[in-house]
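The values are calculated or read from the model by the stated rules, or taken from the named source; none is laboratory data. Fair warning: this is a prediction, and the values are worked out from it, not measured in the lab. Note that we place each Cβ from the backbone using ideal geometry, even for glycine, and neighbour counts take in every protein chain shown. Note: accessible area is taken over every heavy atom of the protein model, side chains too, but ligands, DNA and RNA are not part of it. Shrake-Rupley method; radii C 1.70, N 1.55, O 1.52, S 1.80 Å.
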Amino acid sequence: MASSFTSLGDLAGYLPLAENELAWGAHEQGKSSLQFRLPRYYFDLIDRQAGDGDPIRRQCVPTVSEHRMLPEESGDPLAEERYALMPGLIRRYKSIAVFLATDGCAMYCRHCFRRRFAGQERGFTGSKRLEQAAGLLARMPEIKELLISGGDPLTLNDEQLGDLLGTFRRRRPDLVIRVGSRIPAVLPDRVTEELSALLGEFAGSRAVYVMTQFNHPREITGKSRLAVHRLIRAGVPVYNQSVLLRGINNDLEVLETLFNELTGIGVKPYYLFQGDLAAGTAHFRTTIEECLTLGEHLAGRLSGLAMPVCAVDLPGGGGKIPLSRSHLVGQEGNQYFFENQEGEIVCYPDTAADNC
Ligand SMILES: *Cc1c(COP(=O)(O)O)cnc(C)c1O
Ligand code: SF4
C-alpha cells in the first residue's frame, strides 16, 4: 500500500500521461471525484506500448471523462442509502445484509459504482458501529448472509479483520459471510498465509466466501493465482464478479478467455454486471443490447461452470435481475423496462448508445 502511486504527478514520472488523463486532475471537479491510488503491482501490468487505450490502464488511470455527469446518473445508483438499516448496513433483500467495513481500497477503480463512498479516507468503520450492526443482525434471524464490503475490507489489517469477523460470528454463529474484495486482482501480495489462515479459521464453522473482481485476463498472473490458491487451500471458496466495461472487456474473445482462465485457477465466474448508472462512468458503459448479445454468445461457448450470470442492478434501487430477453418486458426507444423480483416494472434509461 505504501509504495502505491497516489498522485498523477508521481505517476507521470514513470508513465507518459495522455492529455485526457492529465486533464482529470486539473479539472475544477478534480477534488470532489474518486481519489487516485494505484499499487505498483497493478501499474506493472500496464502495457506501456498500448497507449491510453490499454485495458489495464483504463481501469486505474483517471481521465477527464469522469467529470462528465449525465442526468440519468446518480451518486448512489442503487439507492443504497434508502435501504440502510443504519449507516453502513444496507438491506435490499430479505435474507442478505451488506456491511461497509471501510471506505479504503488498494486501488480506486475508475468505474467504481460506490465512488461517492469509496476513498474518503475514513478507514475502518470502528468497533462501535460494528457492535451496533452485529446487535441488529442478532435480532434479525431472517437475514442469512452478510456481505462485507466497502471500500475493500481486505485493506484492513489482520487484527481489524479478526475483530470484524469475530464480532459478527459471536452474535450470529449461523451467518454465511461473503467478503467482497478486489485485492486478489490488484494487490495479491496482501493475501498472505496469515490472512488466508484467519479467513479459513472463520470458515471452519460456517462458510466464508471471497467475492473478487477480475475484469480482464491480463489481471490473472502468477501472483493472483497464488493468492487464490491460498484462499482455497484455507477452505475459502472464491467467486468472481466482473463488470462489463466498454473498451476494456466488451469483447467476446476477451470475456471467453477471462471466464475460462478464472475457472482454471479455481475461481467460479458468478456475475457479469452491466455498468451501473454511477455519475461520471458513462464512458465505460456498454448498451443493454450489447450486454444481452454478449451473454447469449458466451452461453454458447462456455461450460455451465465457466458461465456467469449476466445481470443489471436496476437504477433507483430496483434490484438485481438477470439480464436476459425473457426479463425484458418492454422497450420504447432507449428506455428498457424490466420486471424485478418484486414484480415491479423498472425502467433502465439506456443512453450509452448516444454517448459512445
Ligand atoms: C448484489 C447485492 C446483494 C447480493 O445479491 P446476490 O444476487 O445474492 O449476489 C445483496 N444486497 C445488495 C444491496 C446487493 O446490491
Ligand atoms: S475496489 Fe471496489 S469499492 Fe474500491 S474502487 Fe474498486 S470497485 Fe470501488
Label points 7 Å out from Cα along the Cβ direction at I345 and M140: separation in nm? 3.1 nm
Cα convex hull of segment 273-321, projected area averaged across orientations, nm²: 3.9 nm²
On average over all directions, what projected area in square nanometres does segment 12-137 have, based on the convex hull of its Cα atoms? 9.7 nm²
Quick check: with the 1.4 Å probe, what order do V329, V179, V64 take by accessible area, largest first? V329, V64, V179
Rolling a 1.4 angstrom probe over the protein heavy atoms, how many square angstrom per residue are accessible across the chain? 42 Å²
Chain lengthening between L252 and S7 when straightened (0.36 nm per residue, less Cα-Cα): 84.8 nm
Taking the Cα-to-Cβ direction at E131 and at R170 and moving 7 Å from each Cα, how far apart do the two end points lie in nm? 0.9 nm
Mean residue ellipticity (222 nm) of the chain, computed from DSSP H runs ≥ 4 via -39,500 (n - 2.57), nearest 500: -8500 deg cm²/dmol
Which FRET efficiency value, to the nearest 0.05, do you get for R301 and H229 by plugging their Cβ-Cβ distance into 1/(1 + (r/R0)^6) with R0 = 25 Å? 0.45
Carbon and sulfur together cover what percent of the accessible area of segment 238-281 at a 1.4 Å probe radius? 46 percent
What whole-number distance in Å separates the alpha-carbon centres of segment 1-24 and segment 125-160? 34 Å
What Rg and what Dmax come out for segment 213-355 when only alpha-carbon atoms are used, in angstroms? 15.9, 50
Could you check how much of the accessible area of segment 25-162 is carbon and sulfur, as a whole percent, using a 1.4 Å probe? 49 percent
Just the Cα atoms of segment 77-122: what Rg and Dmax do they give in Å? 11.3, 31
Quick one: divide the alpha-carbon radius of gyration of the chain by 2.2 N^0.38 Å and tell me what you get. 0.96
Simple spin-label estimate for R122/Q35, 7 Å along Cα→Cβ, in nm, reads 1.4 nm
Computed magnitude of the charge dipole of segment 190-327 (debye, nearest 20; Cβ of K, R +1, Cβ of D, E -1): 280 debye
Between F337 and M69, what is 0.36 nm times their sequence separation minus the Cα-Cα distance? Round to one decimal in nm. 94.2 nm
Let me spell out the model: positive unit charges on the Cβ of Lys and Arg, negative unit charges on the Cβ of Asp and Glu, origin at the Cα centre of the chain. What dipole size does that give, in debye rounded to 20? 1200 debye
Return the equivalent ellipsoid semi-axes of segment 49-90 as a descending list in whole Å, where each equals the square root of 5 times an eigenvalue of the C-alpha gyration tensor. 32, 14, 7
Counting only pairs 8 or more places apart or on different chains, how many lysine pairs in the chain have C-alpha atoms closer than 21 Å? 5
For segment 289-356, with all protein chains present and a 1.4 Å probe, just round the carbon and sulfur fraction of the accessible area to a whole percent. 51 percent
Measure out, as a whole number of angstrom, how far apart the alpha-carbon centroids of segment 298-353 and segment 47-64 sit. 29 Å
Find which of G204, L294, G266 sits farthest along the positive direction of the dipole of the chain, computed with +1 on the beta-carbon of Lys and Arg, -1 on that of Asp and Glu, about the Cα centre. G204
